[in-house]
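The values are calculated or read from the model by the stated rules, or taken from the named source; none is laboratory data. The shown structure was predicted, so the numbers you read here are calculated from the model rather than taken from an experiment. Neighbour counts are summed over all protein chains in view; Cβ atoms, including those assigned to glycine, are modelled from backbone coordinates with ideal geometry.
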Amino acid sequence: MEKILVTRRIPHKFIERLESIGEVEIWDHDLTPMPRKEFIEAAKDKTAMIVTLSESIDDELLKAAPDLKVVANMAVGYDNIDLNAAKYHEVEISNTPHVLTETTAELGFSLMLAISRRIVEAEKYVQEGKWESWGPYLLAGKDIYHSKVGIFGMGEIGKAFARRLKGFNADILYHNRSQQTKAEHELGAFYTSFDTLIKESDFVVCTAPSTPETQNTFNKDVFKKMRNDAFFINIGRGDLVVEEDLIEALEQGEIAGCALDVVRNEPIRADHPLLKMPNVIVTPHIGSASVLTRDQMIQTCLLNVLDVINGDKPRNKVEAH
Ligand code: GLV
């Protein structure tokens, strides 16, 4: 008998499907993560789990769950999972690639438009009753059209972002672990060193995952090298950025502003210094949050769990290298 844990409320249609496979325990909350103690307790007799980024899957948890066969992570990123520990405990891990690519690129693009044209600031201005007349430079921003956009991380999301830029006649630079020649031809993107990318770009867009190599990439030195009129957009992971250095760069006018869907410590508190700056937009990690995409992410988790229960490898297996 399979025993399945789901660590967030999900639509009933998915629970019904899971109930046809085994016994299902669900942490029936939409926004409150399962407390660690209860998570470990619930894991003890489970054979499969569908989890979110809020749950840390580490040695302690895996040790507590001797019957566990599979953990399906409801995200494309899996920095919440210790892959070496999973390998040691012979637990399969899966993620949700592909289905969220376009939705996440769209959010990134929305952030780029919003920060460059000062949409949030402008809306607040109107809400606060400050709109008295038209002004030649009232809330004047920066064009994306004909600008130079540097994408850090040319994976699926980076490419989807670049595709959207084509309609803006922007010059696309990118930096990635490996050069993507096919994308260069298809998207007209130019591979550059990281240094060139940050020095030349009007918009620096981070879509990269968190890995030991990428963590703290965006630090004091990097912000200093960026153009003073450049915007920084992050839809990758918060720990790629040294937040104190970003705050300092904004305070010193070393960059023009930033738009972040991810921050180092989520959720960010309302009194965080970043939230006091007019040239900063922060959204609550909603990159993949369209109803259709979230349905597809849950469905992907379900299929991966089924694969393992049927004795196969999960179709979206991730593993330690
Ligand atoms: C969200 O950040 C994800 O990795 O899917």
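For a quick check of your reading of the model, give me the residue pairs whose first member lies in segment 67-92 and is farther than 21 Å from Ala42 by Cα and of a type in the set (D, E, K, R), whose second is at pLDDT 95 or above and surrounded by 17 or more Cβ atoms within 10 Å (Cβ to Cβ), with beta-carbon atoms closer than 6 Å and at least 6 apart or on different chains.
Every condition considered, the pairs that remain are Asp79/Ser210.
Please go through segment 62-85 and give me each residue that is outside any loop (DSSP other than H, G, I, E, B), buried (at least 24 other Cβ atoms within 10 Å of the Cβ) and away from the ligand (no atom under 16 Å from the Cβ), ordered by number.
Val70 - this is the single residue of segment 62-85 that is outside any loop (DSSP other than H, G, I, E, B), buried (at least 24 other Cβ atoms within 10 Å of the Cβ) and away from the ligand (no atom under 16 Å from the Cβ).
Filter segment 153-186 down to the residues that are touching a Gly at 6+ places or on another chain (Cβ under 8 Å) and at positive phi and list them by number.
Matches in segment 153-186: Gly153 only.
Of all the residues that make up segment 262-321, how many are more than 14 Å from the ligand (Cβ to nearest atom), among the hydrophobic types (A, V, I, L, M, F, W, C) and either under 14 Å from the mean Cα position of the chain (by Cα) or under 30 Å from Phe232 (Cα atoms) (or both)?
Residues in segment 262-321 being more than 14 Å from the ligand (Cβ to nearest atom), among the hydrophobic types (A, V, I, L, M, F, W, C) and either under 14 Å from the mean Cα position of the chain (by Cα) or under 30 Å from Phe232 (Cα atoms) (or both): 10 in total.
Any residue in segment 35-46 that is without any contact (Cβ under 8 Å) to a residue 24 or more places away in the chain sitting within a Cβ distance under 6 Å of a residue that is of a type in the set (A, V, I, L, M) and surrounded by 15 or more Cβ atoms within 10 Å (Cβ to Cβ)? List the pairs, counting only those 6 or more apart or interchain.
Close Cβ pairs satisfying both conditions: Lys44/Ala64.
Of everything in segment 215-242, what is more than 15 Å from the ligand (Cβ to nearest atom), outside any loop (DSSP other than H, G, I, E, B) and among the hydrophobic types (A, V, I, L, M, F, W, C)? Give them in sequence order.
Once the filter is applied, which keeps residues that are more than 15 Å from the ligand (Cβ to nearest atom), outside any loop (DSSP other than H, G, I, E, B) and among the hydrophobic types (A, V, I, L, M, F, W, C), segment 215-242 yields Phe218, Val222, Phe223, Phe231, Phe232.
Show me the helices (runs of 4 or more DSSP H) entirely contained within segment 104-214 in which 2 or more residues are away from the ligand (no atom under 16 Å from the Cβ) and in contact with a strand residue (DSSP E or B) (Cβ under 8 Å, 6 or more places away or on another chain).
The qualifying helices (runs of 4 or more DSSP H) are 156-165, 181-187, 194-200.
Give me the pairs, please: first residue somewhere in segment 129-149 and in contact (Cβ under 8 Å) with a residue 24 or more places away in the chain and surrounded by 13 or more Cβ atoms within 10 Å (Cβ to Cβ), second residue anywhere and part of a loop (DSSP other than H, G, I, E, B) and among the polar types (S, T, N, Q), beta-carbon distance under 8 Å, and either six or more positions apart or on two chains.
Lys148/Ser201; Val149/Ser201
Tell me, which residue of segment 47-61 that is in contact (Cβ under 8 Å) with a residue 40 or more places away in the chain and small (Gly, Ala, Ser) is surrounded by the most Cβ atoms within 10 Å (Cβ to Cβ)?
If we take residues in segment 47-61 being in contact (Cβ under 8 Å) with a residue 40 or more places away in the chain and small (Gly, Ala, Ser), then Ala48 is surrounded by the most Cβ atoms within 10 Å (Cβ to Cβ).
Looking at (1) among the polar types (S, T, N, Q); (2) within 16 Å of the ligand (Cβ to nearest atom); (3) closer than 24 Å to Pro267 by Cα, which is the one condition that is false for Ser94?
(3)
Taking the conditions exactly as written (more than 30 Å from Lys44 (Cα to Cα), surrounded by fewer than 20 Cβ atoms within 10 Å (Cβ to Cβ) and hydroxyl-bearing (Ser, Thr, Tyr)), does Ser116 satisfy them or not?
no
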